[in-house]
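The numbers here are math on the coordinates, done by the rules we state, and not lab data. Bear in mind that the values here come from a model prediction, so they are computed numbers and not experimental data. All Cβ positions, even for glycine, are placed from backbone atoms using ideal geometry, and neighbour counts span all protein chains on display.
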Amino acid sequence: MPKSVRVSDYMADQLVCFTPDMNIFNAVDKLLERNITGAPVLGEKGELIGILSQTDCLQNVLKGSFYDDSADTVAHYMQTEVDTVRVDEDIVSVAQKLIRNRRRRFPVVNSEGKLVGMITSSDVLRVIRDFAEHR
C-alpha cells in the first residue's frame, strides 16, 4: 500500500455531529438511521470537544445510567479525550494508529485543528481493496 495515499483521499467530509446538550436518545436514533458507529461532538464555536460512539452508549446501558433522567444528554456519555489525525497524514500511519489505539474511527483535523472529516477502519480497508484492484 503506497504511503502517498492521504487521509483526505478517503475521509468522509459530510458528517453527522452532535452537541453536548443533545438528548442521548436522539443521538442514538441518528447513529442508527445513518448506520454509523460514532460521531464527533462539537462545542458552541464548532470546536471538537468529544466523540460519542455506540460503545459509549452500550457501556452506560450496562451501568444502568442510560435510563437515569439526570443523564439524558450526549455530554454524559461522550468521550472527551479524542485522538485525531491530520488531513494530510498518510493512510499507512492512520492504519497503524487504528490498530495501536484500538480505535474504529478518528476525527480528521486540518493544520489549525479544525474538524474537517472522519476516517474509519472501513475507509482504510477500502484503500487496501482499491490498491489491490489496481496492481
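Quick notes on this structure:
- Of residues in region 1-10 being part of a loop (DSSP other than H, G, I, E, B) and either crowded, with 17+ Cβ neighbours inside 10 Å or of a type in the set (Ser, Thr, Tyr) (or both), the one farthest from the chain's Cα centre (by Cα): SER4
- Within region 95-115, the set of residues being closer than 19 Å to LEU15 by Cα and in contact with a helix residue (DSSP H, G or I) (Cβ under 8 Å, 6 or more places away or on another chain) comprises ARG103, ARG104, ARG105, PHE106, VAL108.
- Residues (within 29 Å of SER111 (Cα to Cα) and either surrounded by fewer than 14 Cβ atoms within 10 Å (Cβ to Cβ) or not aliphatic (A, V, I, L, M) (or both)) located in region 11-29: ASP13, GLN14, CYS17, PHE18, THR19, PRO20, ASP21
- Qualifying positions in region 15-54 - under 12 Å from the mean Cα position of the chain (by Cα) and among the polar types (S, T, N, Q): THR37, SER53, GLN54
- Residue, surrounded by the fewest Cβ atoms within 10 Å (Cβ to Cβ), within region 75-130, restricted to residues that are small (Gly, Ala, Ser) and part of a loop (DSSP other than H, G, I, E, B): SER111
- Taking region 30-46 as the range and being without any contact (Cβ under 8 Å) to a residue 60 or more places away in the chain, surrounded by 10 or more Cβ atoms within 10 Å (Cβ to Cβ) and not aliphatic (A, V, I, L, M) as the test, the residues that pass are LYS30, ARG34, GLY43.
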